[in-house]
1. Step by step: first the residues of the stretch 193-204, then only those that are surrounded by 14 or more Cβ atoms within 10 Å (Cβ to Cβ) and more than 30 Å from residue 313 (Cα to Cα), then the one that is farthest from ligand 1 (Cβ to nearest atom). Which residue is that?
2. Given the conditions (1) under 30 Å from residue 413 (Cβ atoms); (2) modelled with pLDDT of 95 or more; (3) assigned to a loop (DSSP other than H, G, I, E, B); (4) not charged (D, E, K, R), and given that residue 198 satisfies all but one, which numbered condition is not satisfied?
3. Failed condition for residue 224, given (1) within 14 Å of ligand 1 (Cβ to nearest atom); (2) more than 22 Å from residue 203 (Cβ to Cβ), with all others met?
4. Taking helices (runs of 4 or more DSSP H) that do not extend beyond the stretch 79-180, which have at least 3 residues that are among the small types (Gly, Ala, Ser) and in contact with a helix residue (DSSP H, G or I) (Cβ under 7 Å, 6 or more places away or on another chain)?
5. Do you know which of the residues in the stretch 294-353 that are charged (D, E, K, R) and crowded, with 22+ Cβ neighbours inside 10 Å is farthest from ligand 1 (Cβ to nearest atom)?
6. Pairs only if they're at least six apart or on different chains, beta carbon under 9 angstrom, first in the stretch 112-126 and β-branched (Val, Ile, Thr), second more than 14 Å from ligand 1 (Cβ to nearest atom) and part of a loop (DSSP other than H, G, I, E, B); list them, first residue then second.
7. Could you list, in sequence order, the residues of the stretch 181-191 that are more than 16 Å from residue 276 (Cβ to Cβ) and assigned to a loop (DSSP other than H, G, I, E, B)?
8. Among the listed residues 254, 287, identify the single one that is in a strand (DSSP E or B) and within 16 Å of ligand 1 (Cβ to nearest atom).
Amino acid sequence: MNVLLLGSGGREHALAWKIRKSRFLNNLYIAPGNAGTASLGVNVDIGVTDFGAMKRFSLDHDIDMIVVGPEVPLVEGVYDYFHEDEDACHIAIIGPSRKGAQLEGSKDFAKRFMSTHNIPTARFKTVTLDSVMEGNDFLDSLPPPYVLKADGLAAGKGVLIVEDLNEAKRLLWEMLNGKFGTASNRVVIEEFLSGIECSVFVLTDGKSYKILPVAKDYKRIGEGDTGLNTGGMGAVSPVPFADELFMEKVRSRIVEPTVGGLQKEKIDYKGFIFIGLINVEGEPKVIEYNVRLGDPETEVVVPLIKSDLLELFTAVTMETLDEKELEYDNRYAVTVMMVAGGYPGTYENGKTIEGLDDIQDSLVFHAGTKNVEGKVVSSGGRVLSVTSYGKTMDEALETSYKNIAKVRFNNSYFRRDIGFDLGI
Ligand code: AMP
Ligand code: GLY
């Protein structure tokens, strides 16, 4: 098979690494990719939402399957674009239709979907400028803190958690007046849920599904989960508190009705569902859906999959996923992200990265890198992540920390406490 993978982060490097191992792979192209993916396939200079260029490239290079990493092309309808095109509809897309992608593209859509299908989640109310008074009344009815979410995509920045009621009302007003552009024309106000979070990834062909090993990511820049939110500073899998009993609740109360709901609503969905969960005293509740894999969770979940990924993806397109086994490694995997100093605020690109050849017993997934004159240089806030396996989480962490110490670039930073809250 010839595969085109869309995206350029650590998630895509991990997917490229796994797809490269498939016995069904012929050529792998990554658009636009990074210095890491360049060693596994051919990077192609096409933007992830340039569907026209993607179609021309795919026809010229006999592409059989497009695997979509990030959410934006899905929300913009890459699946529908190819399916509705006479010349390109034979190309399989791993990712949901535009309608399915609304689970991530519209928080209001996702909440209504959950209400309709009785999927446990926080109580909510969606408001627009016309109904701001109702929004204020709903805030009055809730205990603090208050959760305000821009309805549309806001590059991971659209959620505000506010302690003070008047501040929440002021921010609601600002959001409705364009604080996050049109993404916050509608705002979902939610009850605050207290608990520990984890990420559950489901691969579905629209009828049946496989649940992947559960992961937990670390979003804050500072140790002890302090400071600003980032794209993710590390991840671990599996997650000790997501035990058999918890996962059975997740399966029967959340995954089944989610896949069943997609079917009932006749939503085309052939790809990954990312369920952001919170464990509220043993009861799983949905914080959010994403319609792709998470980053950096992918850098631990994908290395734990033993099955051939292209075989699973082909089963997804043929709607025969129920005939396949998902085999996975029962070790732990952890990843630690190395970022540019200053991130998630301002930081500098173009730092030469050294020491990559000295890594032993870990995998390095590039997140923001490119090749410049034979050197690997940084080109993003999150630069690379170091993934290791271990019989225990501590053993895996020890390997990652030993190896990350060998990687050097000017003004780098990483958290030394990944996994700190999992109590083992
Ligand atoms: P989201 O973009 O929906 O994932 O929200 C970003 C983060 O905000 C989540 O990962 C949670 O940590 C937090 N969050 C979102 N909704 C809630 C909620 N209802 N209660 C508590 N925390 C929340
Ligand atoms: N790690 C969270 C995300 O990918 O959205």
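1. First pass over the stretch 193-204, keeping only residues surrounded by 14 or more Cβ atoms within 10 Å (Cβ to Cβ): 193, 195-204.
Remaining after also requiring more than 30 Å from residue 313 (Cα to Cα): 193, 195-196.
Numbers: 193: 4, 195: 8, 196: 10 Å.
Here the answer is 196.
2. (3)
3. Here residue 224 meets the rest and fails (1).
4. Fully inside the stretch 79-180 and qualifying: 98-105.
5. If we filter the stretch 294-353 for residues that are charged (D, E, K, R), which is where we start, we get 295, 297, 299, 306, 308, 311, 319, 322-325, 327, 329, 331, 348, 351.
Checking the rest, the ones that are also crowded, with 22+ Cβ neighbours inside 10 Å come to 295, 297, 299.
Numbers: 295: 13, 297: 12, 299: 18 Å.
This residue is 299.
6. Close Cβ pairs satisfying both conditions: 116/265; 126/186.
7. Answer for the stretch 181-191, where residues must be more than 16 Å from residue 276 (Cβ to Cβ) and assigned to a loop (DSSP other than H, G, I, E, B): 183, 184, 185, 186.
8. None of the other options fit; the residue is 287.
The values are calculated or read from the model by the stated rules, or taken from the named source; none is laboratory data. Keep in mind that this is a model prediction, so the values were computed, not measured. Because the Cβ atoms are built from the backbone with ideal geometry, glycine has one as well, and the counts that use them run over all protein chains shown.
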